[in-house]
Amino acid sequence: MFQLQWLPRGANQREEIFSYEQSTSYQRRHHVGMAEEDASEECGVKLVIEDYPYAADGLLIWKAIKNLVESYVKHFYSDPKSIASDFELQAWWDEIKNKGHYDKKDEPWWPKLNTTQDLSEILTNMIWIASGQHAAINFGQYPFGGYVPNRPTLLRKLIPHENDPEYEMFMRNPQKLILEAHSSTPPKHKS
């Protein structure tokens, strides 16, 4: 068992200092994003990293989603204050916060839903997460999962040893044997 008294004098204090600094550093970086609000820019934000295709393309998609959502919200809610009195809409938002995210229901970062602008921002975020962001994050899933060695570690067949009858076939075409070993259907036995 590791004991603190085995450390040189002051080493545990150094660890506390480094851990504290590291924690503070992470807290500061947590709020750094890919863009800053800038009303002079076309999409309303300026990219922090200029040559970042995901962000540049994402901003165009974000703007299109935002424009569409704002036009729909304005069409159905002509009075900005009618959002607060829409009981069905308020029940939907309450369910998302209090039932869908029960563990986060008391967090201070939940947006309010009182105006058409609030509703537009909430819906734009939801649509963006389910479309543009989801597509970008999961873009590399098939190349990774489609590569046979990256598949689950369950083999339904042993890799043959040098003296096994299947060894020569394995040496000629290892991918075929590995694919058969990964098969989700049990092999058919000859009677």
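Assuming charge only on the beta carbon of Lys and Arg (+1) and of Asp and Glu (-1), the dipole of the stretch 39-139 about its Cα centre is about 140 debye to the nearest 20. A Förster radius of 22 Å, combined with the Cβ-Cβ distance separating Ala84 from Ala64, puts the computed FRET efficiency at roughly 0.20. Positive end of the dipole of the stretch 88-170 (Cβ unit charges, origin at the Cα centre): among His134, Gly100, Met169, the Cα lying farthest that way belongs to Gly100.
Bridgeable lysines around Lys46 (alpha carbons under 19 Å apart, same-chain partners fewer than 8 residues away excluded): Lys63, Lys66. Straight-line reach from Lys97: taking Cα to Cα under 16 Å and skipping same-chain neighbours fewer than 8 places apart, the aspartates and glutamates in range are Glu88, Asp106, Glu107, Asp118, Glu121. The GluC sites (Glu not before Pro) of the stretch 85-170 meeting both criteria, a DSSP state outside H, G, I, E and B (loop) and at most 10 other C-beta atoms within 10 angstrom of the site's C-beta, are Glu162.
Just so you know, all these numbers are worked out from the coordinates, no wet-lab data involved. Everything numeric here is computed off the predicted structure, so don't read it as measured data. Cβ sites come from the backbone with ideal geometry, for glycine too, and all protein chains shown count toward neighbours.
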